[in-house]
Amino acid sequence: MVMDCDAVIVGTGPAGATVAEVLTTAGWSVVMLEKGRNHLLSLDAPFEPLGEVSNDELKLLFRHFLGPDPWLEPRTFRHDETEGDRIHVGDVNNLPSTIGGGGIHADGKLPRFREIDFRIASELAPVDGAELVDWPLDYDELEPYYAEAERVVGVAGDADANPFAAWRSGPYPMPPGPDMFCAALTSDAATQLGYHPYRAPTGVNSVEYDGRPACNNCGFCGYFGCPIDAKGDPVAPLRHALRTGRCDIRPESYATEVLLDSSGRKARGVRYLDADGNAHEVSARHVVLGAGAFETPRLLQRSGVGNADVVGRFLMYHFQTFAMGIFPFRLHAHRGRSVTHLMDDPILPDPAADTAAREAGLPWMRGGIVEHGGASHPITEAIHLSPGEDHTRLMLGSPMRDRMAVFTMQGEDLPQATNRVDLDPHVTDAWGLPAGRVTYSPHRHEIECARHWAPRLEAVMREAGATHTFWATSPALPEHAARRRITNPSPISRHVMGTARMGNDARTSVCDRWQRLHDVDNVLVADSSVFPTGAGYGPTLTIVALAIRAARALADLEPLRSQRQARVP
Amino acid sequence: MPVWLTEHEHAVVAAAADRLIPPYDAHPGGAALGVADFIDALLGAFTFDPPRIWAGGPFSGRAGGDPSFEQFMDLSALEELAWRTRIEGSKGMVERERNGAVIGWQQQYHEGIAALGRDFCDVTPDEQDARLDRNPEFKALLYAQSCEGAYAAPEYGGNRGLRGWASIQYDGDVQPRGYTDEEVAGRD
Ligand SMILES: Cc1cc2nc3c(=O)[nH]c(=O)nc-3n(C[C@H](O)[C@H](O)[C@H](O)COP(=O)(O)OP(=O)(O)OC[C@H]3O[C@@H](n4cnc5c(N)ncnc54)[C@H](O)[C@@H]3O)c2cc1C
Ligand code: SF4
C-alpha cells in the first residue's frame, strides 16, 4: 500500500518539531498536523519569520492570540471525584496552540535533570500514596542527547556555574546573556545565606546563532513570543525540517483519531479536521504524538489506543511556591529575559529539610529549582489592584510591576494514579469532541515541601533588601484557599507530565523505553506524557533530548555516545 | 464619534472609568486616557475589517521599524465565532451555545450603563461610586476593561498620547531597539 508519508506527527511544539527535524534529515517524509494557526514562520522557502508576535500585552496575555481560546477549547477541572463531574470549565494549564506550541511562550530556562532524577525509586525510600518508579533509561544514556538538544535549540549557559549539576560532555554552545539587575540582587543575597544560585542556561541567543540574531533584552519573553526570532522556540528545528523539502506542515488541522489497521496492533495513520471542518486521513508508516501531556492522552483515549488502565493517569505538574519581595526602589525587571538565575538548593537533601520531612511523617522531601524572576506588565498589575484612589496611587509606585522580585520554586510533584486526564462526560469543544478533564490533588509531600521552603525563600528576599515579603502557592494550600477568592482552582503550572508513562512493564506503563506504545509499536509518544516522574526542573530540555533519542532510534540511526569531561576545578 | 456606543453611553463609560481609575497628581484618569474609546472599539470590533481584536506585528514603530501594530490581523472562522460570541452574545444561535447561552459584552454594557442612571455624568463622585457599587458585576467588567484601555498599546484606542505608560514610568513595546546589556544589569 502506498502511504502518504513515512511519519505523521501530531503537534508542532518542541517535541513534534524535534522529531520532524531528525526524521526529515534522515530522509523520511513527514506530515505535521497542528490544530492551531501559524503565526511563526512562512511555510514557503526561504521560511522567513512572519513577524506576527509582538511586544503586545493585550494581544498575547488577554486575547488568546496564540490560542487555545478557552471558549473554543474548554478544559474542565476537579480536585477529586467527590466534587462531581467538575468544578471549573475554561483554561486548565493551557499552553499555546499554534505552530511552535508552548515553545513560543516559554522564556526557555533549560536545565538538565540530574542523575538521581532518573532513579528515585531505587535511591530513595518509598512514599505512601505515591507510585515512584525509575525511568527505563538513565542520565548517562541521555547525556549525549542533552548535548545535542542544547546545540539544536541553542542554549546559552555557563557549564561550571551550578555546583550541583550533573556531569556534562562539553560546554554550552553559547555564553550566558546579561544578568538582570533584580536577579543579580536576589542571587547575591542567596549566596550570602549559603545557597548556590547560578546563571541560568536559557534557550535564548546571547550571540548570533544558527542564522538567528542575538536577543536584545526586550523583556516580553515568558508568555510572549520573540518578535526577532532570538529565542530557541521551535522555529529552528521546524525551519531545518522544512529546508529538507520533505516536511509538510498543516496548520489548523485538528487530529481527532489515531487509526488502527484491522489487526488492531498497527496504526495506519491519523484522521483530522481541517479549518472548514472537513475530515481527512493521512496514512503513514509511523504515527508520532507530540500534542503535549494534556492533549496526547486525550487523543489516545478518544482513539481507544494505548494501555487503557494507565493512559491519562499519573498526571504531574510542578507544585509552584512563590516568594515575593517588594523593594523600596525600582527593579526594572521588564528589561531582559524574565529569569536569568536559578538555584537547585531545595532539590538537594539538607538537615533542615530532612527534619521537616520527618516531622511531617514523610521519609524525605524534594523541592525544585528556584527561578529568580520578577516583573509583570502594567495591565496585569492594574487588574490585580482594586479600583478607586488606590489604583492610581499604586500604579504610580508600581509595587508589583517594577518593585517586586519573585522566586518561583518548581517543586517536584509525586506521581499518583488518581491524578489524571480523561474525557469530560458533557462539556465539548468547538469541534464537538469531549473536553479533556483534569482530576488533580497534590500529594502531602508537595504541600509540606512548600510550607518548609516558602519562609526560607522569603528570608532571602529580606536579605536582598525587600521591605515587604509574602508567599503563595499554586495550587493554593488549604490554609490559603479559604481566604482567597479563587476563580480558577486548577494549578497554573505550565509544566505538564506523566500521562502516558514509559516503563519496561507493559502492564504498568503505556510506552516502552523507546517511547513506543507497548501494544501498538508504530506509535511513538514524543512529549512529556512519557515522564515516569517529574523532577524539580523545567521539562523542555528533557523533552527535546528524549525526542532526539527516540526519533533517531526510529530512523535506525546510530545511538549517540558521549564521554564524561572532567569538571574544570 | 463612537462606533458602537451612543454619545451618551460613551460619556457614561468615560465618567465611570474616571472613578475606577481616577486622576491623581499628574496622572491622567480613565477618561483622559481614552478608556471609553478603547471599550467602544472593542464592542464595535466587527464593524472593522479586519476586526479590531489583534493588532499586527512585529513592531509599533515607536522604537524603530515599520508601524505594523496599526494593521489589525485576520481571524479564522472559529476565532471569529469565539470573539463574536463574547462581544455579541449567543443570541440563540446553536453554534454559539455549545456549552450554554452567553450574554455578550454589548448587552452587558447597554444594560449596565442604563442601570447607572441617565444623570450619571451629573451626580457627585460619591453618588457615582455608590451606583457602581450597586452593580458589582458590571463594575467588575468595566474595571477589567478600563485597565486594558488605560495600559494597552494605543493602537487599541486607549492609552491616549501614551500617557498611561508615561505616567507609570513604563516604556511599553521596545522592539526592535530592545535594551542594552547595561540597561538590563545596571541599577537604573
Ligand atoms: C509562559 C511559559 C513559560 C515556560 N517556561 C519554561 C521554561 O522556562 N522551561 C521549561 O522547561 N519549560 C517551560 N515552559 C513549558 C514548555 O512550554 C513546555 O514544556 C513545552 O512547550 C512542551 O512541549 P511539547 O511539544 O511537548 O508540547 P506543546 O508545546 O504543548 O505543543 C503541543 C502542540 O500540539 C498541538 N496539538 C495538541 N493536540 C492536537 C491535536 N489533536 N491535533 C493537532 N495538534 C494538536 C498543540 O496545539 C500544540 O501546538 C513554559 C511554558 C509557558 C507557557
Ligand atoms: S527578551 Fe530576547 S528572546 Fe525574549 S522575546 Fe525579547 S528579544 Fe526575544
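The values are calculated or read from the model by the stated rules, or taken from the named source; none is laboratory data. The structure presented is a predicted model; accordingly, all values stated were derived computationally and were not measured. Counting neighbours? That spans all protein chains shown, and the Cβs are built from the backbone with ideal geometry, glycine included. Note: areas computed on protein heavy atoms with side chains; ligands, DNA, RNA excluded. Shrake-Rupley method; radii C 1.70, N 1.55, O 1.52, S 1.80 Å.
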Residue within region A:247-257 that is crowded, with 19+ Cβ neighbours inside 10 Å, assigned to a strand (DSSP E or B), more than 12 Å from chain B (Cβ to nearest Cβ) and within 13 Å of ligand 2 (Cβ to nearest atom) present: no
In region B:38-64, the residues that are closer than 17 Å to B:L162 by Cβ, in contact (Cβ under 8 Å) with a residue 12 or more places away in the chain and surrounded by fewer than 21 Cβ atoms within 10 Å (Cβ to Cβ): B:R62, B:A63, B:G64
Scan of region A:185-236 for residues that are away from ligand 1 (no atom under 16 Å from the Cβ) and either assigned to a strand (DSSP E or B) or on the phi > 0 side of the Ramachandran plot (or both), ordered by number: A:G194, A:Y209, A:D210, A:G211, A:R212, A:N217, A:D229
Any hit, region A:301-321, residues being basic (K, R), more than 15 Å from ligand 1 (Cβ to nearest atom) and open to solvent by 30 Å² or more (accessible area, probe 1.4 Å): yes
Residue satisfying condition, being within 14 Å of chain B (Cβ to nearest Cβ) and either away from ligand 2 (no atom under 16 Å from the Cβ) or of a type in the set (D, E) (or both), within set A:L242, A:L260, A:L238, A:L273: A:L273
Hits in region A:72-89 - residues which are touching a residue at least 60 places away in the same chain (Cβ under 8 Å), more than 16 Å from ligand 1 (Cβ to nearest atom) and either of a type outside the set (D, E, K, R) or within 9 Å of chain B (Cβ to nearest Cβ) (or both): A:T76, A:F77, A:H79, A:I87, A:H88, A:V89
Identity of the residue in region A:58-99, in contact with an Asp or Glu (Cβ under 9 Å, 6 or more places away or on another chain) and part of a helix (DSSP H, G or I), that ends up surrounded by the most Cβ atoms within 10 Å (Cβ to Cβ): A:L58
So A:S562, is it within 26 Å of A:T418 (Cβ to Cβ) and of a type outside the set (A, V, I, L, M, F, W, C): no
Leading residue by the ranking (surrounded by the most Cβ atoms within 10 Å (Cβ to Cβ)) among those in region B:131-188 that are of a type in the set (S, T, Y) and within 30 Å of A:T186 (Cβ to Cβ): B:Y151
Neighbours by Cβ (under 6 Å, 6+ apart or cross-chain): first from region B:81-100, more than 8 Å from chain A (Cβ to nearest Cβ); second in a loop (DSSP other than H, G, I, E, B) and open to solvent by less than 30 Å² (accessible area, probe 1.4 Å): B:W83/B:I53; B:I87/B:G104; B:E88/B:G104; B:G89/B:G104; B:R96/B:S90; B:E97/B:S90
Test: A:L142 is hydrophobic (A, V, I, L, M, F, W, C), more than 14 Å from chain B (Cβ to nearest Cβ), outside any loop (DSSP other than H, G, I, E, B) and away from ligand 2 (no atom under 16 Å from the Cβ): yes
Condition broken by B:G65, with the remaining ones in (1) within 23 Å of B:P136 (Cβ to Cβ); (2) more than 8 Å from every other protein chain (Cβ to nearest Cβ) satisfied: (1)
Strands (runs of 3 or more DSSP E) fully within region A:428-529 counting 2 or more residues that are in contact with a Leu (Cβ under 8 Å, 6 or more places away or on another chain) and surrounded by 23 or more Cβ atoms within 10 Å (Cβ to Cβ): A:434-439, A:523-525
Verdict on A:C226 being within 14 Å of chain B (Cβ to nearest Cβ), open to solvent by 20 Å² or more (accessible area, probe 1.4 Å) and within 15 Å of ligand 2 (Cβ to nearest atom): yes
Single residue of region A:23-50 satisfying the filter (closer than 19 Å to A:A267 by Cβ and of a type in the set (A, V, I, L, M, F, W, C)) that is nearest to ligand 2 (Cβ to nearest atom): A:M32
Lone unmet requirement of (1) away from ligand 2 (no atom under 16 Å from the Cβ); (2) modelled with pLDDT under 95 for A:A106: (1)
Conditions (1) among the small types (G, A, S); (2) more than 30 Å from A:V523 (Cα to Cα); (3) open to solvent by 30 Å² or more (accessible area, probe 1.4 Å); number of the one not met by A:A200: (3)
Count - residues of region A:340-380 that are farther than 20 Å from A:M180 by Cα and in a helix (DSSP H, G or I): 14
